[in-house]
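Structure record follows, encoded as structure tokens.
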Amino acid sequence: MWSRLLAALLLLPAPALAGVKEKVAAIAPLGVVLVTDAEGNELVAQNADEPFVPASVAKIVTAWLAIEVLGGDYRFQTRFYLDDKRVLYVRGGGDPFLISEELAPLANGLVAAVGKEPITGIVLDASYYPSNLRIPGIEDTDEAYNAPNSALAVNFNTVYAVRSGNKVRSAEQQTPITPLAITQFRARGHNGGGRISLSQNPAVSLQYAGEVIAAFIERARGSVKGKISTGTVPKGLEPVYVHRQSRTLSQILVELFRASNNYIANQVFLEIGGRRLGAPVSLEKSLQVANGMLDAHGLAASIHLEEGSGISRNNRFTARGLAKVLELFAPHANLLHGHDGGMNKTGTMEGVSTLVGYAHTSSHGQVRFVISLASNDGELRFRLLQAIESQL
């Protein structure tokens with residue numbers, strides 16, 4: 001460590017080094033700040049070994065783990081089965097992007113495979129995820145970012161609708177309104193437009209998924225006459241149609257960073273364990289895989305994960321640990337698109353303001369930076385970044 005710090009000292013003229021450190025200390029004297037160059041030499045280090053709550057910048061760790069385990073070209077799959085009574089079984093594979101724009105071509109492919117003779121029932125199989133799955137930090141609220149995770153969910157397990165008195169309609173043309181959506185929005189949605197997460201009760205989420213899938217089958221000129229229920233695919237039944245998500249994992253990660261969606265992050269995180277250790281997925285399996293990979297890179301003590309989105313306050317990182325992850329993730333840095341147009345990711349909670357990523361400097365080219373502040377001033381982290389960029 002001392003040799004790396006000495007190398008950094010030699011790279012920067014002493015007045016410039018002192019100037020940037022003084023600037024950082026003046027703006028945020030208690031903040032966690034670390035800046036390293038492409039070789040890992042530390043250019044600025046302030047409280048770099050102090051553990052902090054990462055909030056949503058934890059998604060960078062999840063993205064790195066997912067790229068390593070699944071590969072950037074990985075595609076989630078949803079399987080469909082049809083028995084001799086024309087009952088359709090849908091086995092969810094944890095696809096985080098079963099949204100309306102995806103369900104339209106899915107339904108066209110499915111109807112082409114099973115024909116237009118009426119489907120006599122839909123059975124939803126979500127056994128890939130345990131029914132008692134809970135993510136630390138996610139509470140039973142109406143907030144869309146707290147949507148429960150599921151093996152089979154549509155539109156991020158949320159309902160986006162417009163309510164006027166007792167009347168409810170879909171807020172987007174591509175999404176059909178369903179009976180359960182109307183009931184849920186009447187119970188918890190405000191007048192006017194808005195998005196709510198579905199109930200933490202898995203049965204509610206599955207029923208909504210079934211209703212939306214049935215509606216898209218009808219739009220594709222298929223026919224659904226029977227009821228929607230839950231169950232498992234009978235043994236020996238082979239899939240008649242397998243839908244591969246049109247987005248690769250890399251494309252999903254771009255959207256994950258753009259929207260900072262906790263639901264997507266944990267769907268991806270859970271797939272890490274499922275891929276390595278088999279079905280059903282579990283938080284414990286994914287943490288086992290994650291901790292093994294972190295340990296292999298000497299990060300077991302500096303990156304502590306409770307889940308994959310950053311919503312849990314029990315996640316704890318150090319700046320030096322996260323800077324190492326940024327080094328490992330550097331080949332995929334272009335997946336990051338921050339609010340300011342840079343290659344960075346923010347994290348925000350009550351009393352937590354973080355900013356992490358890559359920046360370009362005139363003297364040192366691309367640098368990696370970690371900023372964590374015990375503050376509700378979201379702009380302060382960007383002022384710190386601007387000061388660092390201008391001084392280096």
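The values are calculated or read from the model by the stated rules, or taken from the named source; none is laboratory data. Since this is a predicted model, take the numbers as computed values, not measurements. Reconstructed Cβ throughout: ideal geometry from the backbone, glycine too, with neighbour counts over all protein chains shown. Accessible surface areas use protein heavy atoms only, side chains included; no ligands, DNA or RNA. Shrake-Rupley method; radii C 1.70, N 1.55, O 1.52, S 1.80 Å.
Structure summary
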{"quantity": "Shape call, the stretch 135-205: gyration tensor on alpha carbons, a/c limit 1.5", "calculated": "prolate"}
{"quantity": "Rg over Rh [alpha-carbon atoms, Kirkwood Rh] for the stretch 93-171", "calculated": "1.03"}
{"quantity": "Acute angle (nearest 10 degrees) that the helix 202-219 long axis makes with the longest principal axis of the chain, alpha-carbon atoms", "calculated": "70"}
{"quantity": "FRET efficiency for residue 314 and residue 25, using Cβ-Cβ distance with R0 set to 30 Å, rounded to 0.05", "calculated": "0.55"}
{"quantity": "Using θ = phi - 60° and Karplus 6.51 cos²θ - 1.76 cosθ + 1.60, couplings along the stretch 249-265 (whole Hz; Gly, Pro as x)", "calculated": "4, 4, 5, 5, 5, 4, 5, 4, 5, 4, 9, 6, 7, 5, 4, 4, 4"}
{"quantity": "Directionally averaged shadow of the stretch 161-254, computed from the convex hull of its alpha-carbon atoms, nm²", "calculated": "8.7"}
{"quantity": "Rg(Cα)/(2.2 N^0.38 Å) for the stretch 182-320, N = residue count", "calculated": "1.34"}
{"quantity": "Net charge over other residues, Cβ less than 10 angstrom from the Cβ of residue 69 (K, R count +1; D, E count -1)", "calculated": "0"}
{"quantity": "Segment residue 73-residue 183, extension gain: residue separation times 0.36 nm, minus the distance between their alpha carbons", "calculated": "35.8 nm"}
{"quantity": "Ranked packing of 62-74, 189-201, 263-275, most packed first, by mean Cβ within 10 Å", "calculated": "263-275, 62-74, 189-201"}
{"quantity": "Additional length obtainable on full extension of the chain from residue 300 to residue 383, 0.36 nm per residue less Cα span", "calculated": "26.8 nm"}
{"quantity": "Stretch gain in nm, segment residue 225-residue 116, where the contour uses 0.36 nm per residue and the Cα spacing is subtracted", "calculated": "38.1 nm"}
{"quantity": "Links that overshoot a 31 Å alpha carbon limit, given the list 85/285; 23/324; 167/345; 167/225; 21/345; 23/345", "calculated": "85/285; 167/345"}
{"quantity": "Share of alpha-carbon pairs per 10 Å distance bin for the stretch 15-61, given as whole %", "calculated": "23, 48, 26, 3"}
{"quantity": "Computed FRET value (nearest 0.05) for residue 169 with residue 276, which takes r as the C-beta separation and R₀ as 51 Å", "calculated": "0.70"}
{"quantity": "Dipole magnitude of the chain about its Cα centre (Cβ charges: Lys, Arg +1; Asp, Glu -1), debye to nearest 20", "calculated": "1000"}
{"quantity": "Average accessible area per residue (Å²) across the stretch 27-135 - probe 1.4 Å, nucleic acids and ligands excluded", "calculated": "34"}
{"quantity": "Mean accessible surface per residue for the stretch 251-392, computed with a 1.4 Å probe while every protein chain stays in place, in Å²", "calculated": "38"}
{"quantity": "FRET E, pair residue 375, residue 203, Förster distance 41 Å, beta-carbon r, rounded to 0.05", "calculated": "0.50"}
{"quantity": "Theoretical ellipticity at 222 nm over the chain - DSSP helices of four or more residues, -39500 (n - 2.57) apiece, nearest 500", "calculated": "-12000 deg cm²/dmol"}
{"quantity": "Whole-Hz ³J(HN,Hα) from phi, Karplus 6.51 cos²θ - 1.76 cosθ + 1.60, for the stretch 340-348, glycine and proline x", "calculated": "8, x, x, 8, 8, 9, 9, x, 9"}
{"quantity": "Solvent-accessible area per residue for the stretch 138-232 (1.4 angstrom probe, square angstrom)", "calculated": "47"}
{"quantity": "Surface share of carbon and sulfur [accessible, 1.4 angstrom probe, percent] for the chain", "calculated": "50"}
